[in-house]
Every structure is written in structure tokens, then in C-alpha cells.
Amino acid sequence: MALTLVIKHPLNIQKTSRDKFLQSKNYMEEDPMRRISTESISNITVTANKSILINGVPLIQRPNGYTPIELK
């Protein structure tokens, strides 16, 4: 009995240049709160182990600060 595999290609593929990706990634990593608009925040939870959840999603905070992927 043979099975046929159907591979569905994702429709939400975005293309960008390496430079533009690095610039965007470094910009967002500097301050994680920058990527969240204040209008979209409905609740903020701070737990005993100092983790922060915004609308139920963990806010990524780097303990040793931010290190850029690559500098020019």
C-alpha cells in the first residue's frame, strides 16, 4: 500500500536582505518593549521569579544585557 505525501508550502514567506534583517533584529533586541504597542497591552503579570508576561506572552529579558548579532 503506497501513501502519497502532499507538502503544503507556507504562504506567509517573507524575503529580506541580510543587512535589513540584522538591522531589524538588533533594533528589536536593544529594547524588547519597543516592539509592543501600548494600546495592545491588556494585562501585565510579574511573577515571583521576576519573569514578566504581557498579555500572557513572556517578555524576553537577557540577564547579561544585549549583544548584537553583527556590527558593521
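Below are the figures for this structure:
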{"item": "Near pairs, Cβ below 8 angstrom, 6+ apart or cross-chain, from the range 42-54 (more than 14 Å from PRO32 (Cα to Cα)) to any residue that is assigned to a loop (DSSP other than H, G, I, E, B)", "result": "SER42/ASN55; ASN43/ASN55; ASN43/GLY56; THR45/GLY56"}
{"item": "Residue selected from the range 1-34 under the condition basic (Lys, Arg) and either in contact with an Asp or Glu (Cβ under 6 Å, 6 or more places away or on another chain) or not in a loop (DSSP other than H, G, I, E, B) (or both), by the criterion least open to solvent (accessible area, probe 1.4 Å)", "result": "LYS25"}
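The values are calculated or read from the model by the stated rules, or taken from the named source; none is laboratory data. The shown structure was predicted, so the numbers you read here are calculated from the model rather than taken from an experiment. No Cβ is skipped: glycine too gets one built from the backbone with ideal geometry, and neighbour counts run over all protein chains shown. Each accessible area value is taken on the protein alone, full model and side chains, heavy atoms only, with ligands, DNA and RNA left out. Shrake-Rupley method; radii C 1.70, N 1.55, O 1.52, S 1.80 Å.
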